[in-house]
Amino acid sequence: MYIGRFVIVAPDFGAYRVSSRSFPNRQIVDRDGTLTVAPTPDAPENDNPYVSYNCVREGGDSVVVGNGSHVDPIAEKLDLGYPARDALASALLALDYEKDDYDTPRVAGVVGEESYVGIVRRDALLVEAVDEPTLVATYEEDEPTPIEFGADAGDPAALARAAYGLDYEHAVCAAAVTYDEGDVDVGIYNG
């Protein structure tokens with residue numbers, strides 16, 4: 001099944017996977033702890049604004065994971081002291097779903113002392129607290145749903161590999177972050 005890009009958020013980790021039929025020539029790069037989705041060196045040039053963006057970024061005492069440019073304003077609101085739920089909901093509401101040919105939803109999560117997952121679709125904004133691994137995706141699985149995710153929650157590289165390896169179509173790359181009482185560690189798997 002193709003569910004597009006997705007996040008998995010738990011109380012102590014988050015994972016993000018790029019899945020794409022249209023733009024598979026992408027990778028995740030670490031820029032001093034901020035993880036960015038970017039074209040690979042051999043990718044054809046394009047002017048699509050949804051191809052490159054930060055997908056994991058610290059904000060306040062938390063970490064944001066997500067599928068687009070909304071990651072930055074969520075992190076900035078956390079830096080300003082917004083509660084995690086409010087930072088997530090307000091940025092998703094302000095930026096709305098992507099205005100592309102598919103009305104692609106924006107998905108994101110905040111991992112920290114309180115962890116949340118959210119999605120803004122054409123027809124809804126959903127933000128939920130999480131107490132177990134919870135998945136939300138741009139297509140098909142577009143409501144927060146608990147997921148069995150057996151990777152080592154203390155190893156962000158293993159979490160990224162596990163997210164990449166989930167049985168959904170068109171995996172491109174994945175990232176993960178762990179959170180332990182304010183300590184943050186990131187991992188990448190570029191397939």
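The values are calculated or read from the model by the stated rules, or taken from the named source; none is laboratory data. Computed from a predicted structure; not experimentally measured. For neighbour counting, all protein chains shown are included, and Cβ atoms are generated from backbone atoms with ideal geometry for every residue, glycine included. Protein only, heavy atoms only, side chains kept; ligands, DNA and RNA dropped before computing areas. Shrake-Rupley method; radii C 1.70, N 1.55, O 1.52, S 1.80 Å.
On the basis of being closer than 23 Å to residue 19 by Cα, in contact with a strand residue (DSSP E or B) (Cβ under 6 Å, 6 or more places away or on another chain) and either among the hydrophobic types (A, V, I, L, M, F, W, C) or at pLDDT 95 or above (or both), does residue 171 make the cut?
Criteria met by residue 171.
How many residues does region 134-143 hold that are part of a loop (DSSP other than H, G, I, E, B) and surrounded by 23 or more Cβ atoms within 10 Å (Cβ to Cβ)?
Result for region 134-143: 1.
Name the residue, out of 154, 187, that is modelled with pLDDT under 95 and touching an Asp or Glu at 6+ places or on another chain (Cβ under 8 Å).
Only one candidate passes the filter, namely 154.
Report yes if some residue within region 79-87 is open to solvent by 30 Å² or more (accessible area, probe 1.4 Å), modelled with pLDDT of 95 or more, touching a strand residue (DSSP E or B) at 6+ places or on another chain (Cβ under 8 Å) and hydrophobic (A, V, I, L, M, F, W, C); otherwise report no.
No, the conditions are met nowhere in region 79-87.
Filter region 37-63 down to residues that are under 21 Å from residue 84 (Cα atoms) and within 12 Å of the chain's Cα centre (by Cα), then give me how many there are.
Qualifying residue count, region 37-63: 6.
Tell me whether region 155-170 contains one or more residues that are in contact with a Gly (Cβ under 7 Å, 6 or more places away or on another chain), surrounded by 19 or more Cβ atoms within 10 Å (Cβ to Cβ) and part of a strand (DSSP E or B).
Within region 155-170 (the criterion being in contact with a Gly (Cβ under 7 Å, 6 or more places away or on another chain), surrounded by 19 or more Cβ atoms within 10 Å (Cβ to Cβ) and part of a strand (DSSP E or B)), the answer is no, since none of the residues qualifies.
Open to solvent by 10 Å² or more (accessible area, probe 1.4 Å) and in a strand (DSSP E or B): does that describe residue 54?
For residue 54, the condition - open to solvent by 10 Å² or more (accessible area, probe 1.4 Å) and in a strand (DSSP E or B) - is met.
Confirm whether residue 33 is touching a residue at least 12 places away in the same chain (Cβ under 8 Å) and surrounded by 15 or more Cβ atoms within 10 Å (Cβ to Cβ).
In short, no.
Every residue, every condition in (1) part of a strand (DSSP E or B); (2) open to solvent by 60 Å² or more (accessible area, probe 1.4 Å), yes or no:
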{"site": "11", "(1), (2)": "no, no"}
{"site": "24", "(1), (2)": "no, yes"}
{"site": "37", "(1), (2)": "yes, no"}
{"site": "46", "(1), (2)": "no, yes"}
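Among the residues of region 136-168, how many are of a type in the set (Asp, Glu), over 17 Å from residue 13 (Cβ atoms) and out of contact with any strand residue (DSSP E or B) (no Cβ under 7 Å at 6 or more places or on another chain)?
Summing the residues that are of a type in the set (Asp, Glu), over 17 Å from residue 13 (Cβ atoms) and out of contact with any strand residue (DSSP E or B) (no Cβ under 7 Å at 6 or more places or on another chain) in region 136-168 gives 2.
Out of curiosity, is residue 6 open to solvent by 10 Å² or more (accessible area, probe 1.4 Å) and of a type outside the set (Ser, Thr, Tyr)?
No, not satisfied.
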